[in-house]
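The block underneath contains the structure these notes are about, expressed in structure tokens.
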Amino acid sequence: MADGLEHFLREAREGVVRDIPRGHYTPGYWTMLAATGRRAGIRFEDLRFGHEPNSGYAQALRLPTALGAADDYPYDRRNEGRNYSGLVLLESAETTDQASERVNGCVRHIFAAEGLDQFVHDLAEVVGDLHDNVWSHGKSTGFSMAQTWRNLRQTDSYWFEFSLADCGMGFLRETQRAGIPGIDSDADAISWCIKKGNTSKRTKVVDDMMQSLPPDMMGNPMFGFAAIKESDNHHMGLGLAKLMALVEKYRGRLWLASGASLLYKPPMNEHVIRAAPSKCKGVALAVRFDTSVIREILVQEAADSAQTTDETTANLITLLGG
């Protein structure tokens, strides 16, 4: 059994977790552990692991570094970029781009031999969008990672999960700050943010001829004359509508938490928004896919496309009198 984002929220006390019993934990769990722990000033040595391998894996994921310690992991991280991408703090435009590169590099490696190029392309686009916008909303409070593990219920199949979490203002405060009408609860805010075309991000045109200031500069003395260039990707919005479409297309699972509410989207069914087991300060999401299901969908798409092409060709031949 894999324990992720929702499990973390069930186990959290006053927003944090300090006791990690034996179990298999997914990115949804680790990103929340990193984000909430960093915000609360928890050190790695304050965590109590009930199973030594979990502690070792946490160190491989760079959790001590996420919580402010030096990286003294004594082993070569041979599987980083292969089976997982380590925790990355989204503290600047540069580290945000780095996080996208790491996760997408991991995705490309995981699916290299699977023939799932279309899925890799679709996922990479969403990952970049989400990273850029968690940074723009959360500002140095977000972490992300990805991981794959074998699906024990089916041979030749793996689970893949990507997650990010931040301790920023959350959807409700963000939408209210932006003056979005009719948003009275966390559930309202989540519902609004996942709809295509909605964004609470305040856009600003950045003239390439303007002076570009360093991303770590605290404030801009050239207000009105220069703009801080935060990213070369120029993603707008939260990317959540794209994420919902991706989950729908590839029959994935999505957990999305903000404030007192949690959205869950199961395969083949509509999403539901319910009370979260505990309050989520900021925003957290985890998305999980089954490689065998992705393969099945893409094979069917290819067959449908080939059939459509054949029918189109036959119709053209008929029209030409062949």
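The values are calculated or read from the model by the stated rules, or taken from the named source; none is laboratory data. Please read all numbers here as calculations on a predicted model, not as lab measurements. Virtual Cβ from ideal backbone geometry, glycine too; neighbours counted across all protein chains shown.
Results, tabulated for the structure shown:
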{"quantity": "Matching option when the condition is modelled with pLDDT under 95 and either buried (at least 21 other Cβ atoms within 10 Å of the Cβ) or of a type outside the set (Asp, Glu) (or both), among Gly86, Gly41, Gly28", "calculated": "Gly86"}
{"quantity": "Candidates Leu246, Leu298, filtered to the one that is closer than 21 Å to Thr26 by Cβ and modelled with pLDDT of 90 or more", "calculated": "Leu246"}
{"quantity": "Output for the stretch 75-119, where each listed residue is of a type in the set (A, V, I, L, M, F, W, C) and without any contact (Cβ under 8 Å) to a residue 40 or more places away in the chain", "calculated": "Ala112, Ala113"}
{"quantity": "Restricting the stretch 257-295 to residues that are part of a strand (DSSP E or B) and among the charged types (D, E, K, R), the residue that is farthest from Arg10 (Cα to Cα)", "calculated": "Asp290"}
{"quantity": "Single residue of the stretch 136-195 satisfying the filter (closer than 23 Å to Met244 by Cα and of a type in the set (D, E, K, R)) that is surrounded by the most Cβ atoms within 10 Å (Cβ to Cβ)", "calculated": "Asp166"}
{"quantity": "Ala146 over 19 Å from Lys249 (Cβ atoms) and either among the hydrophobic types (A, V, I, L, M, F, W, C) or within 12 Å of the chain's Cα centre (by Cα) (or both)", "calculated": "no"}
{"quantity": "Residue within the stretch 230-243 that is at pLDDT 90 or above and either surrounded by fewer than 10 Cβ atoms within 10 Å (Cβ to Cβ) or in contact with a Cys (Cβ under 7 Å, 6 or more places away or on another chain) (or both) present", "calculated": "yes"}
{"quantity": "Condition met for Ala69 (touching a Phe, Trp or Tyr at 6+ places or on another chain (Cβ under 8 Å) and part of a loop (DSSP other than H, G, I, E, B))", "calculated": "yes"}
{"quantity": "Residues that are under 18 Å from the mean Cα position of the chain (by Cα) and either of a type in the set (Lys, Arg) or more than 21 Å from Ala286 (Cα to Cα) (or both), drawn from the stretch 108-128", "calculated": "Arg108"}
{"quantity": "Residue check, His51 within 20 Å of the chain's Cα centre (by Cα) and not β-branched (Val, Ile, Thr)", "calculated": "no"}
{"quantity": "Verdict on Ala2 being closer than 27 Å to Leu152 by Cβ, touching a Leu at 6+ places or on another chain (Cβ under 6 Å) and touching a residue at least 40 places away in the same chain (Cβ under 8 Å)", "calculated": "no"}
{"quantity": "Single unsatisfied condition, Ser100 versus (1) more than 24 Å from Ser258 (Cα to Cα); (2) in a helix (DSSP H, G or I)", "calculated": "(1)"}
